[in-house]
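Here is the structure we will look at, set down as structure tokens.
The values are calculated or read from the model by the stated rules, or taken from the named source; none is laboratory data. Just so it is clear, the structure is predicted and the values come from calculations on it, not from any experiment. Here the Cβ positions follow ideal geometry from the backbone for every residue, glycine too, while neighbour counts run over all protein chains shown.
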Amino acid sequence: MAENIIYYGPPGTGKTYLLQSIMSGYIDYKIYDSQLIEAFTLESGRWILITLVLLQNHGKMQTMAIQNKIDSLRLGVTINVAAELDKHNIEQPPIPGVARVQPRVFFSLNPGEWYVDYVRVQQARSDFNKKFLSSAQVTKRYSFVTFHQSYSYENFIEGIRPEYIAEAKSIDYSPKDGVFKALCDEARKHKEKDYAIFIDEINRGNISEIFGELISLIEVDKREGETGALSVVLPYSKTSFCVPSNVNVYGTMNTADRSIDQIDIALRRRFKFKPMLPSASVIEEELDLCGINAHNIGGIDVIRLFNTINARIEMLLDSQHLLGHALFIRCKTAEDLADIIKNSVVPLLEEYFFDDVQKIQFIFNDLDENGELRATAIYRHKDLAADDYFLYTGDYMIDDKKHYFVSDNITKESLEQVYL
């Protein structure tokens, strides 16, 4: 049965990454055995060969099936598939001290059944598609869009969009399909397969305007072939239209951008809302994949730092504006961490507390018990006295102010002070 799901949470909680992971399940690769042999000859990476075999079989296979396929290729070398899968397993080893090998891209949901995380594959080898899949036939069964204030029904469903016809030297004003209608028409031709529309930042668009009458048609029980199936006559083409039952709708929503309380109630009733919250354990797991201890990066406990900052944000603001774990999962050194704080965290906090930026000093613990600025402060200030800048102000009362700025020298002590 079809799914309508919106993943929501603060920025940096992996919502777009999740969409990318789900997308990989809507891609068909037609890879011939000769291409597998060619790829292994080009570069004898065993994890690469196993990845291609999994993609050849829709990204899911039993261990023995992978082994049999590779054995049938007669590559002239012995490859222990079970051992290779275990070495490159994303999951933590059951026995402490057992080494994993980068890249870690495979995982098992059921005993003996393996999957490949294709997003991680592309992160490990940015040239993977070009080098190993350039000759493969790739069919995408999805469309991806990002909603914004100017996005309209005409873009999504159908509309009159002027198109210049060079041969006739004229402009065509005939109705044209939008991205969702085009996807539905394609899905209707292949009812044995699932299709999907991925909508990033779904809350930034005018939902009622973009979906129009289709807000009812996307309901699972109103789909084509269901007992309560509905259809409508589209306003431009005057054709009857319904949503196929093999089309899934996935969206993401940034709660810091707009509160989920403001979302159209009609949308709420037709979607499942799944929260994606900041998670210190994700930081710990992702850094561990790289052999890094998140509790000791140059002497800094990143987990305590992350949890402390978020606890203070929630106290001073709310839970919808927390920092996402994605900001910290690429941190490898204390210098990386200082750069993240300066160039990613501070600008975000300045947006959150634009009307009272002194609270940023509270979050970083920059003030001592007497309210004085610490020497190791991350978010600093200097006093601006009106008398120092104006000789005469007439009837105007100009108050002294504080000028706030981020320190150029964020040290180990600066970062430790946040949570100590």
| said: Checking the structure you have, find out if any residue of the range 166-187 is free of Cβ contacts under 8 Å to residues at least 24 places away in the same chain, crowded, with 16+ Cβ neighbours inside 10 Å and of a type in the set (Lys, Arg). | reply: yes
| field | Selection within the range 1-30 - part of a loop (DSSP other than H, G, I, E, B) and either in the same structural domain as VAL220 (by TED's automatic domain parsing) or not hydrophobic (A, V, I, L, M, F, W, C) (or both) | value | GLU3, PRO10, PRO11, GLY12, THR13, GLY14
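Going by the structure shown, is ASN4 touching a helix residue (DSSP H, G or I) at 6+ places or on another chain (Cβ under 9 Å) and farther than 25 Å from GLY112 by Cβ? If you could, list the steps in order and put the result at the bottom.
Values: touching a helix residue (DSSP H, G or I) at 6+ places or on another chain (Cβ under 9 Å): yes; farther than 25 Å from GLY112 by Cβ: yes.
Spelling it out, ASN4 is indeed touching a helix residue (DSSP H, G or I) at 6+ places or on another chain (Cβ under 9 Å) and farther than 25 Å from GLY112 by Cβ.
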| field | Those residues of the range 384-408 which are exposed (fewer than 10 other Cβ atoms within 10 Å of the Cβ) and either in contact with a strand residue (DSSP E or B) (Cβ under 8 Å, 6 or more places away or on another chain) or closer than 30 Å to ALA338 by Cβ (or both), in sequence order | value | HIS403, ASP408
| field | Number of the exception - LYS342 against (1) in contact with a helix residue (DSSP H, G or I) (Cβ under 8 Å, 6 or more places away or on another chain); (2) modelled with pLDDT of 95 or more | value | (1)
| request: Would you mind stating whether ASP336 is assigned to a helix (DSSP H, G or I) and loosely packed, with under 11 Cβ neighbours inside 10 Å? | output: no
| field | Residue that is surrounded by the most Cβ atoms within 10 Å (Cβ to Cβ), among those in the range 262-311 that are in contact (Cβ under 8 Å) with a residue 60 or more places away in the chain and hydroxyl-bearing (Ser, Thr, Tyr) | value | THR308
| Considering residues of the range 214-261 that are aromatic (Phe, Trp, Tyr) and farther than 23 Å from PHE273 by Cα only, the residue surrounded by the fewest Cβ atoms within 10 Å (Cβ to Cβ) | TYR236
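Please work out if LEU323 is assigned to a loop (DSSP other than H, G, I, E, B) and surrounded by 14 or more Cβ atoms within 10 Å (Cβ to Cβ).
Working: assigned to a loop (DSSP other than H, G, I, E, B): yes; surrounded by 14 or more Cβ atoms within 10 Å (Cβ to Cβ): yes.
Taking the combined requirement at face value, the residue satisfies it.
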| message | Which of the numbered conditions does ALA39 fail, given that it passes all the others? Conditions: (1) touching a strand residue (DSSP E or B) at 6+ places or on another chain (Cβ under 9 Å); (2) over 30 Å from GLU285 (Cα atoms). | response | (1)
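Is it the case that ALA196 is in a strand (DSSP E or B), crowded, with 16+ Cβ neighbours inside 10 Å, out of contact with any Leu (no Cβ under 7 Å at 6 or more places or on another chain) and at pLDDT 85 or above? Spell out how you get there, then give the answer.
Values: in a strand (DSSP E or B): yes; crowded, with 16+ Cβ neighbours inside 10 Å: yes; out of contact with any Leu (no Cβ under 7 Å at 6 or more places or on another chain): yes; at pLDDT 85 or above: yes.
Spelling it out, ALA196 is indeed in a strand (DSSP E or B), crowded, with 16+ Cβ neighbours inside 10 Å, out of contact with any Leu (no Cβ under 7 Å at 6 or more places or on another chain) and at pLDDT 85 or above.
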| message | Out of ARG161, ARG188, I need the residue that is in the same structural domain as ARG268 (by TED's automatic domain parsing), at pLDDT below 85 and over 23 Å from MET276 (Cβ atoms). Which one? | response | ARG161
